[in-house]
1. Just wondering, is there one or more residues in the range 34-48 that are touching a helix residue (DSSP H, G or I) at 6+ places or on another chain (Cβ under 6 Å), surrounded by 18 or more Cβ atoms within 10 Å (Cβ to Cβ) and outside any helix (DSSP H, G or I)?
2. Give me a count of the residues in the range 268-278 that are of a type in the set (Val, Ile, Thr) and open to solvent by 10 Å² or more (accessible area, probe 1.4 Å).
3. Looking only at the range 136-173, which residues are of a type in the set (Val, Ile, Thr) and more than 13 Å from the ligand (Cβ to nearest atom)?
4. Go over the candidates Ala243, Ala265 one by one and state the one that is open to solvent by less than 20 Å² (accessible area, probe 1.4 Å), assigned to a strand (DSSP E or B) and over 30 Å from Phe25 (Cα atoms).
5. What is the one condition in (1) touching a helix residue (DSSP H, G or I) at 6+ places or on another chain (Cβ under 7 Å); (2) away from the ligand (no atom under 16 Å from the Cβ); (3) part of a loop (DSSP other than H, G, I, E, B); (4) within 29 Å of Arg69 (Cα to Cα) that Pro235 does not satisfy?
6. Taking Leu206, is it part of a helix (DSSP H, G or I) and without any contact (Cβ under 8 Å) to a residue 40 or more places away in the chain?
7. Within the range 9-28, work out how many residues are within 16 Å of the ligand (Cβ to nearest atom) and out of contact with any His (no Cβ under 9 Å at 6 or more places or on another chain).
8. How many of the residues in the range 49-63 are assigned to a loop (DSSP other than H, G, I, E, B) and within 15 Å of the ligand (Cβ to nearest atom)?
Amino acid sequence: MQLIKHINEMRSYIKGIEKEKSIGFVPTMGHLHEGHLSLIKRARQDCDEVVVSIFVNPTQFGAGEDYCRYPRDLSRDIKLCKQEGVDVVFAPSREEMYPDGYSTFVRVEGGLSLTLEGSSRPGHFQGVCTILTKLFNIISPHFSYFGQKDYQQVLVAKRLVRDLNVRTRIVVLPTVREKDGLAVSSRNSYLNKEERCAATVLHQSLEKAKQLIKEGKRDSDLVVSRMKDLIKAEPLAEIDYVAVVDSETLRKVERIAKEVLVAVAVKIGGTRLIDNAKIA
Ligand code: AMP
């Protein structure tokens, strides 16, 4: 396995293989966990070459968010990538990706980027789209692997790829969860024991929504309010949003008549966690 830190080197590696080999790409911010590994394993099955990027992207963090304290452990990540048979880890520095004078940003306009995470974290998706565009340009992957855990990111990335004619196909894989349902996330490492226990409330609220919809409840306000009641019963939880939206447009749904996305963002102690479920 190769560790590549420079864009020029990454480009010439790709140039040497792209004619004969299919390239699978897994973009990550590192501190790899089972969620990331599920994407890597699938890329390994599908493609001749697997490239994993590890880059904590500063432009997708807002002021006062956790960019500085975000967990980083490159040597552990490299070990895990080796075990999974990854061909290349691309781990550029901040200066390599955003040199002095950097001033170009990519934005998917409209509702997809403005609702949910976009509304709670202004500028987040501009940062995501900018780094993805750069990485797609550098790596030219045939297939790019994303997790449903970041459902809105997937929709925004698909729109970006379609609108800018990026030559990659986006593959989406299910959210990997702990035994008690908590979605695996790098940010779970911020949680102390009590907070870790409390964090299951996100998944429980999604299960509640599933149950209500299965019972035939069609009023989304009722579903949201029952989910909120459940979350509020957990003293360490502070709701950012609970939403029932159209799974394609992410617009608010009044009456649940077809597949919806139920999405939650909740602070547990100081840690902001997100989760979602598609419910047909
Ligand atoms: P991140 O390092 O958090 O930017 O995540 C990199 C990729 O891993 C994104 O496509 C995420 O959606 C995906 N991912 C993160 N957590 C999970 C999970 N629990 N299950 C599946 N994919 C995940």
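1. no
2. Filtering the range 268-278 for residues of a type in the set (Val, Ile, Thr) gives 268, 271, 274.
Now drop any that are not open to solvent by 10 Å² or more (accessible area, probe 1.4 Å), which leaves 274.
Counting residues in the range 268-278 that are of a type in the set (Val, Ile, Thr) and open to solvent by 10 Å² or more (accessible area, probe 1.4 Å) gives 1.
3. Quick first cut of the range 136-173, residues of a type in the set (Val, Ile, Thr) only: 138-139, 154, 156, 161, 166, 168, 170-172.
Matches in the range 136-173: Ile138, Ile139, Val161, Val166, Thr168.
4. Values: Ala265 fails: over 30 Å from Phe25 (Cα atoms).
After applying the criteria, what remains is Ala243.
5. It fails just one condition, (1).
6. Working: part of a helix (DSSP H, G or I): yes; without any contact (Cβ under 8 Å) to a residue 40 or more places away in the chain: no.
Against the criterion (part of a helix (DSSP H, G or I) and without any contact (Cβ under 8 Å) to a residue 40 or more places away in the chain), Leu206 does not qualify.
7. Filtering the range 9-28 down to residues within 16 Å of the ligand (Cβ to nearest atom) leaves 24-28.
Checking the rest, the ones that are also out of contact with any His (no Cβ under 9 Å at 6 or more places or on another chain) come to 27.
Of the residues in the range 9-28, 1 are within 16 Å of the ligand (Cβ to nearest atom) and out of contact with any His (no Cβ under 9 Å at 6 or more places or on another chain).
8. Initially, the range 49-63 is screened for residues assigned to a loop (DSSP other than H, G, I, E, B), giving 55-57, 61-63.
Next cut, within 15 Å of the ligand (Cβ to nearest atom) only: 55-57, 61.
Total satisfying the criteria: 4.
The values are calculated or read from the model by the stated rules, or taken from the named source; none is laboratory data. As the structure is a computational prediction, the values presented were derived from the model and not from experiment. Methodologically, a virtual Cβ is constructed for each residue, glycine included, from the backbone with ideal geometry; neighbour enumeration extends over all protein chains shown. The area values use the complete protein model at the heavy-atom level, side chains included, leaving out ligands, DNA and RNA. Shrake-Rupley method; radii C 1.70, N 1.55, O 1.52, S 1.80 Å.
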